[in-house]
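Have a look at the structure below before the remarks.
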Amino acid sequence: QVQLVESGGGLVQPGGSLRLACAASGFTLDYYAIAWFRQAPGKEREEISCISSSDGSTHYAGPVKGRFTFSRDNANNTVHLQMNSLNPEDTAVYYCAAGWLCSTDEGGYDYWGQGTQVTVSS
């Protein structure tokens, strides 16, 4: 069974940090482009970051650039998203997804996790 499982979400105060993980089973993440998406209540799902399988380059959406860092842990078949300087606008369900290439829309990804809730509130 091919699966992606996110973890690490929770409640954090504004200005705080969280580290999300996305662990794969049934396939090797090293051979896929991996993206992080998020969906806030009442809003469209948006791609916030993607790391390429071909050259390892990482792309970040404007709202998270400079605050979030995406990395691969190939030994554990896992990727991480380090989130710093969090603000209430970052509150959302965060999903990881895998596909052949980094894509401009969610339809370009083959495998999805169930999501993990991140809430930024004082």
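The values are calculated or read from the model by the stated rules, or taken from the named source; none is laboratory data. Being a predicted model, the structure only gives us computed values, none of them experimental. Positions of Cβ are backbone-derived with ideal geometry, glycine not excepted, and every protein chain shown enters the neighbour counts. The accessibility values were calculated without ligands, DNA or RNA, using every heavy atom of the protein model including side chains. Shrake-Rupley method; radii C 1.70, N 1.55, O 1.52, S 1.80 Å.
Of the residues making up segment 30-46, those that are farther than 16 Å from Val79 by Cα, within 15 Å of the chain's Cα centre (by Cα) and not in a strand (DSSP E or B) are Ala40, Arg45.
Just one of the listed residues (Leu11, Leu4, Leu81) is of a type in the set (A, V, I, L, M), at pLDDT 95 or above and over 22 Å from Gly107 (Cβ atoms), namely Leu11.
What about Thr69, is it of a type in the set (S, T, N, Q), over 18 Å from Ser25 (Cα atoms), without any contact (Cβ under 8 Å) to a residue 60 or more places away in the chain and assigned to a strand (DSSP E or B)? Yes: the conditions hold for Thr69. Of the set (1) at pLDDT below 95; (2) surrounded by 15 or more Cβ atoms within 10 Å (Cβ to Cβ); (3) in a strand (DSSP E or B); (4) of a type outside the set (A, V, I, L, M), all apply to Phe27 but (3).
Being over 13 Å from the mean Cα position of the chain (by Cα), farther than 18 Å from Gly26 by Cα and surrounded by fewer than 19 Cβ atoms within 10 Å (Cβ to Cβ) is the filter here, so list the residues in segment 90-122 that pass it. Within segment 90-122, Thr91, Leu101, Ser103, Thr104, Asp105, Gly107, Gly108, Thr119, Ser121, Ser122 qualify. Taking segment 17-43 as the range and being closer than 13 Å to Ala61 by Cβ and out of contact with any strand residue (DSSP E or B) (no Cβ under 7 Å at 6 or more places or on another chain) as the test, no residue passes. With respect to (1) assigned to a strand (DSSP E or B); (2) under 16 Å from Ala33 (Cα atoms), the lone exception for Gln117 is condition (2). Is it true that Ser49 is under 19 Å from Val120 (Cβ atoms), among the polar types (S, T, N, Q), in a strand (DSSP E or B) and within 15 Å of the chain's Cα centre (by Cα)? It is true that Ser49 is under 19 Å from Val120 (Cβ atoms), among the polar types (S, T, N, Q), in a strand (DSSP E or B) and within 15 Å of the chain's Cα centre (by Cα). Per the listing Asn76, Asn87, the residue uniquely out of contact with any Leu (no Cβ under 9 Å at 6 or more places or on another chain), free of Cβ contacts under 8 Å to residues at least 60 places away in the same chain and open to solvent by 40 Å² or more (accessible area, probe 1.4 Å) is Asn76. Of all residues in segment 9-24, those being crowded, with 17+ Cβ neighbours inside 10 Å and outside any strand (DSSP E or B) number 1. Counting only residues that are in a loop (DSSP other than H, G, I, E, B) and either more than 14 Å from Gln82 (Cα to Cα) or polar (S, T, N, Q) (or both), segment 52-64 holds 9 of them.
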